[in-house]
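Have a look at the structure below before the remarks.
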Amino acid sequence: MNNFILKFKGIDFKSISEGFADAPKHPTAIFAVIGLLVLAFIILKVRKVKLTTSILTQIGVALALGTVLKMVKFYQLPNGGSATLGSMVPILIIALFYGPEIGMLTGLLFGIIDFILAPYIMHPVQVLFDYPLAFTALGIAGYFKDKKKPYMLLGVILAILARFLFHFISGIVFYGSYAAPGQSAAVYSFLYNLSYIGPEGILCIVVLGVLPIKQIYKVMSKPSMNN
């Protein structure tokens, strides 16, 4: 319990400072993240996705809430990854409200924030897979926008599985050396990532199953909130 309270109180500034100190040694990884963000905005522009003041505000709130929830860790794994208090929920809600494009943008921004707060850099591709791409995948839930609740939850499950897939591939390629003797990199990566994404994913599904998603969306989409 004491460990839980300690992690709830704030950010691990020591880890952040160590991450920032190490970041300049990997400029390619940083440029890769920036390039992905620029590409995302170009795609939104090409697809003519309108980002109103209301939507931008709600994205900001979702990112802030997701970041706070990310700080509440039930446990932290030694090589990265932690089970948090449903930090994916705000991102998934944005995707279910506004569709895949805005959902993916929100996930991408959240992944970049996670990278800034807790950067763990081994390779530029590893950074992309473990941070922006993994959370961008949560936007897949947006393809189930305006569907009945069971289908929306199916979209949430697929989105979480997509995030898991990015971490799983990264684990095989870049963390396989941590596998126990005789254990394959694939088995190690699967069990390692499942150990934290599994419990948190279940928590997110339960929370979203209880929340009145469509009613919340109706309130948020009132004309007064779109001005």
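The values are calculated or read from the model by the stated rules, or taken from the named source; none is laboratory data. Since we're looking at a predicted model, the values are computed, not measured. Counting neighbours? That spans all protein chains shown, and the Cβs are built from the backbone with ideal geometry, glycine included.
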Residue satisfying all of: in region 105-160; surrounded by fewer than 24 Cβ atoms within 10 Å (Cβ to Cβ) and aromatic (F, W, Y); nearest to K70 (Cα to Cα) among these: F115
Some residue of region 179-191 being farther than 16 Å from G80 by Cα, modelled with pLDDT of 90 or more, out of contact with any helix residue (DSSP H, G or I) (no Cβ under 9 Å at 6 or more places or on another chain) and among the small types (G, A, S): yes
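Listed here are the residues, each with its yes/no results for (1) surrounded by 15 or more Cβ atoms within 10 Å (Cβ to Cβ); (2) within 16 Å of V127 (Cα to Cα); (3) in contact (Cβ under 8 Å) with a residue 60 or more places away in the chain; (4) under 18 Å from the mean Cα position of the chain (by Cα).
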| site | (1), (2), (3), (4) |
| --- | --- |
| I34 | no, yes, no, yes |
| L44 | yes, no, yes, no |
| V49 | yes, no, no, no |
| I55 | yes, no, no, no |
| I59 | yes, no, no, yes |
Leading residue by the ranking (nearest to T84 (Cα to Cα)) among those in region 192-219 that are assigned to a helix (DSSP H, G or I) and at pLDDT below 90: I213
Number of positions in region 164-189 that are surrounded by 16 or more Cβ atoms within 10 Å (Cβ to Cβ), in contact (Cβ under 8 Å) with a residue 12 or more places away in the chain and either of a type in the set (A, V, I, L, M, F, W, C) or in contact with a Leu (Cβ under 6 Å, 6 or more places away or on another chain) (or both): 7
Among (1) of a type in the set (S, T, Y); (2) surrounded by fewer than 14 Cβ atoms within 10 Å (Cβ to Cβ); (3) touching a Leu at 6+ places or on another chain (Cβ under 9 Å), the one test that Y217 misses: (2)
Check on P90, touching a helix residue (DSSP H, G or I) at 6+ places or on another chain (Cβ under 9 Å) and more than 24 Å from I172 (Cα to Cα): yes
